[in-house]
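Everything on this sheet refers to the single structure shown next.
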């Protein structure tokens, strides 16, 4: 454990934006998709809080450690430092036998700030909550946000930028659209092609097949490919079922719906429901699918800038604390008019957001504007926003103002929305 503390001091660790509020009355469960940087989030917290060696214990249970009881760790820490730790960090806790009993025993003393992480291939966030009797508070860690990437590249948020800085910001954004936001890729630790090839294999084999005992590998593979190809568009289990049926693959719709839940459970993607005033209608609506990182689409399919822009906007919403199907939805009427995102605060619609790959006024067409006007009337919302690639303006149509904002500018403003 002492050598681990030395290595933490020597590691390159990037600062993360997410706020942490320690609380001895709850266990903080750090959860998120594979390779999002959950362990490094702990390292960053240790550095940000300037926690001294004598104040914390850090154990990664996937490394060789001889621990039968967590009390042994507390005792060992006391023997070395002459005091109990204040912080206890338990990484990959699922690898510790009967971990939940040991962690809960420490929690009941209310003397420590306890943080745990678990692998999505062996432990789901909802299982952590259940096994810790509802005493775990989730802290979500996703791949880098755009503002975190800017900071890594030496750019701080401010009101005005020089022409050089703007050019650099747009260049970084173009790179992130294609290469994504996973820490290893952003930091140049691995070639993106190699990263995503390994990532998809781990998701399919370790996180899903091994974890859930899925036997029909071919059906699962086709289901995942269907998710990826459907990125930012409607996803129909019925269509996947018919596609498999036409190939002679026998599988039930019940199994395919189970696949849909698993895809969200392991953090591979999200299914966004259509907004309705009725909760029942929301649940029955056909969802749109969004990948946990836009570069997965580029790796498997092709470079489609319009889809990548929309996927980035979705991801930034969740990285800033908005919960899909609770805080935001998509909207679509019976005539096929669609608005990408409907942001709700309580019972009221707060904002309508459309995303388009536009670099000038001529690129913004009626197919994007008209649905905003229609949704504004139906949902009684006048805060209308069109996120563009590189065009800023304000339109006045039918007694409504529509703000057009470049993606880079919106990404640097969104941090004020809401923290989970």
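Every number here is computed from the coordinates shown, using simple stated rules; none is lab data. These numbers were taken from a predicted model, which means no experiment stands behind them. A quick note on method: Cβ atoms are made from the backbone with ideal geometry, for glycine too, and the neighbour counts reach across all protein chains shown.
Axis angle, to the nearest 10 degrees, between helix 70-81 and the longest C-alpha principal axis of the chain: 70 degrees. When Cα extents along the principal axes in Å is calculated for this entry, the matching label among [x] 73, 60, 43; [y] 68, 67, 54; [z] 83, 46, 38 is [x].
Length gained on full extension, residue 393 to residue 137, computed as 0.36 nm times the residue gap minus the Cα-Cα distance: 88.0 nm.
Sort 374-381, 242-249 by packing, meaning the average of other beta carbons within 10 Å per residue, with the highest value first. Each step should come with its number before you reach the end.
On the way: 374-381: 16.6, 242-249: 11.5.
Final packing ranking: 374-381, 242-249.
Quick one: plug the Kirkwood hydrodynamic radius of the range 175-416 (C-alpha pairs) into Stokes-Einstein at 10 °C, 1.306 mPa s, and report D in µm²/s.
On the way: Rh = 19.1 Å.
It comes out at roughly 83 µm²/s.
When each pair of different Cα atoms in the range 50-176 is counted once in the 1/r mean, what is the Kirkwood radius in angstroms, to one decimal? For the range 50-176, the Kirkwood estimate is 17.6 Å. Relative to the longest principal axis of the Cα atoms of the chain, the long axis of helix 237-246 makes an angle of roughly 90 degrees.
GNM, the chain, Cα, under 10 Å: largest mean-square fluctuation among 408, 277, 389? Highest fluctuation of the listed residues: 277. For the chain, the longest principal axis of the C-alpha atoms and the axis of helix 305-319 are separated by about 50°.
Please give the length that would be gained between residue 253 and residue 304 if that part of the chain were fully extended, namely 0.36 nm times their separation in residues minus their C-alpha to C-alpha distance (nm, one decimal). Display every interim value, and only then the final one.
Working: separation 51, 0.36 × 51 = 18.36 nm, distance 3.01 nm.
The span from residue 253 to residue 304 would gain 15.3 nm if fully extended.
Projected label points at residue 71 and residue 23, each 7 Å from Cα along the beta carbon direction, are separated by 2.9 nanometres.
State whether the range 250-393 is rounded, prolate or oblate according to the following rule on the C-alpha gyration tensor (a ≥ b ≥ c being the square roots of its eigenvalues): a/c under 1.5 gives rounded; otherwise a/b larger than b/c gives prolate, and the remaining case gives oblate. Taking the square roots of the gyration eigenvalues as a ≥ b ≥ c, the range 250-393 is oblate.
Going by average Cβ neighbours within 10 Å, how do the peptides 29-41, 5-17, 298-310 rank, with the highest at the top? Let's see the in-between values first.
Numbers: 29-41: 21.4, 5-17: 13.0, 298-310: 17.5.
Descending packing order for the listed peptides: 29-41, 298-310, 5-17.
Taking label points 7 Å from Cα along the Cα-to-Cβ direction, residue 359 and residue 215 give a separation of 5.4 nm. Just 292, 185, 386 to compare: in a GNM of the chain, with alpha carbon springs under 10 Å, which one fluctuates most? Among 292, 185, 386, the largest GNM mean-square fluctuation belongs to 185.
Our estimate of slack between residue 81 and residue 326, defined as 0.36 nm per intervening residue step minus the Cα-Cα distance, is 83.5 nm. Ranked by the mean number of other Cβ atoms within 10 Å per residue, highest first, peptides 396-405, 281-290 order as 281-290, 396-405. The relative contact order of the range 175-416 comes to 14 percent, based on Cα pairs under 8 Å that sit 6 or more residues apart. Taking all Cα pairs closer than 8 Å and separated by 6 or more residues, the relative contact order of the chain comes to 13 percent.
Shape class of the range 1-112 from the Cα gyration tensor (axes a ≥ b ≥ c, square roots of the eigenvalues): rounded, since a/c falls below 1.5.
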